[in-house]
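Heads up: the structure comes next, in structure tokens.
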Amino acid sequence: DSEKITAPRYSYWQSVFRVFFKKKINIVILVLLAAIIVFTYVYPLVTGYDPEADPFINIMDSEAKHLTPSAAIEKFGFSIKWILGSGNSGQSTFDAIWYGSSISVSMALVCALINMTIGVVIGAVWGFSKKFDIFMTEVYNVIANIPYILLISVIVLILSASFWTMVFALTITGWIGIAYFIRTQVIIIRDREYNLASRCLGTPITRIASKNILPFLTSVIVTLLATELPMYISMEVYLSFIGIGLSATIPSLGRMISQAQSAFRTFPWEFWPPVLVASMVTIILYLLGQNLADATDPRTHM
């Protein structure tokens with residue numbers, strides 16, 4: 001009995017959620033994120049918005065184009081789809097924005113999943129294997145000196161501007177910066193006492209990396225994810241805005257902003273809503289990721 005240590009039971013993930021939900025602002029962020037997810041993925045399915053057909057429903061009616069919210073409600077009757085007015089073809093701006101956000105957010109999620117998976121795995125091996133370190137360092141020195149925007153632009157111009165072309169362009173080298181960062185973190189902690197003890201006991205490097213290293217880097221990985229998701233949304237918006245993003249037939253947020261910027265002074269209600277939605281999505285994802293990263297740090301569980 002005297003050798004027993006009395007200590008409170010500790011659960012890592014229970015502590016993570018306890019710290020996370022202790023901040024009331026996180027609950028507000030989650031509610032806003034849930035609302036965005038509903039409008040992004042559920043609302044277009046409920047309304048049945050068709051990006052190819054809906055913009056041409058009122059195209060022959062000149063009085064249905066470029067309507068302010070009040071004018072659209074007066075013409076078509078009160079409905080949530082007309083609270084942001086109509087576009088250059090008489091389509092609902094509200095419906096078009098949320099359909100476009102589903103494309104932009106889906107692209108960000110796919111790119112983040114690919115880059116984070118490849119980057120974390122290669123970065124963990126990179127930090128342990130000295131032979132692999134020599135090879136990957138040279139690869140990194142070459143790729144890191146190629147302007148990222150220039151590489152994406154060339155790939156999109158060579159291939160057809162489609163959803164998967166953009167995913168390919170954003171992930172072909174997007175993972176290497178993540179891998180280099182993870183490699184640096186692994187080098188910092190790989191020679192600590194418990195890892196040296198594991199190596200002396202003959203534990204395989206893959207097991208050391210998966211059991212001793214990566215769990216320690218949970219907060220770091222979540223922090224990276226918090227910056228990656230908004231970055232891909234911003235990148236899609238920027239590339240579409242300058243005319244080398246998705247094709248005109250894919251109404252993403254960036255494409256909507258690009259099409260509305262020419263009429264910014266005349267019809268500002270067509271330009272600002274997609275800008276505000278894109279900004280809101282990126283800010284909410286960033287804040288959620290940062291607060292979750294803080295909660296995954298064991299030092300905050302005391």
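Just a few scattered comments:
- The helices (runs of 4 or more DSSP H) found wholly in the stretch 141-202 and carrying at least 3 residues that are surrounded by fewer than 16 Cβ atoms within 10 Å (Cβ to Cβ) and out of contact with any strand residue (DSSP E or B) (no Cβ under 9 Å at 6 or more places or on another chain) occupy 148-158, 174-189, 193-200.
- When 246, 217 are checked against the criterion of being open to solvent by less than 20 Å² (accessible area, probe 1.4 Å), in a loop (DSSP other than H, G, I, E, B) and of a type outside the set (Lys, Arg), 246 stands alone in meeting it.
- Test result for residue 280, in contact (Cβ under 8 Å) with a residue 12 or more places away in the chain, open to solvent by 20 Å² or more (accessible area, probe 1.4 Å) and under 15 Å from the mean Cα position of the chain (by Cα): yes
- The residues of the stretch 67-126 that are crowded, with 16+ Cβ neighbours inside 10 Å, modelled with pLDDT of 90 or more and under 12 Å from the mean Cα position of the chain (by Cα), listed by number, are 110, 111, 112, 114, 115, 116.
- Qualifying residue in the stretch 227-241 (condition: in contact with a Ser or Thr (Cβ under 9 Å, 6 or more places away or on another chain) and either outside any helix (DSSP H, G or I) or farther than 17 Å from residue 282 by Cβ (or both)): no
The values are calculated or read from the model by the stated rules, or taken from the named source; none is laboratory data. As the structure is a prediction and not an experimental result, all values here were calculated from the model. With ideal geometry, Cβ positions are generated from the backbone for all residues, glycine too; neighbour counts draw on all protein chains shown. All accessible areas refer to the heavy atoms of the entire protein, side chains included, with ligands and DNA or RNA removed. Shrake-Rupley method; radii C 1.70, N 1.55, O 1.52, S 1.80 Å.
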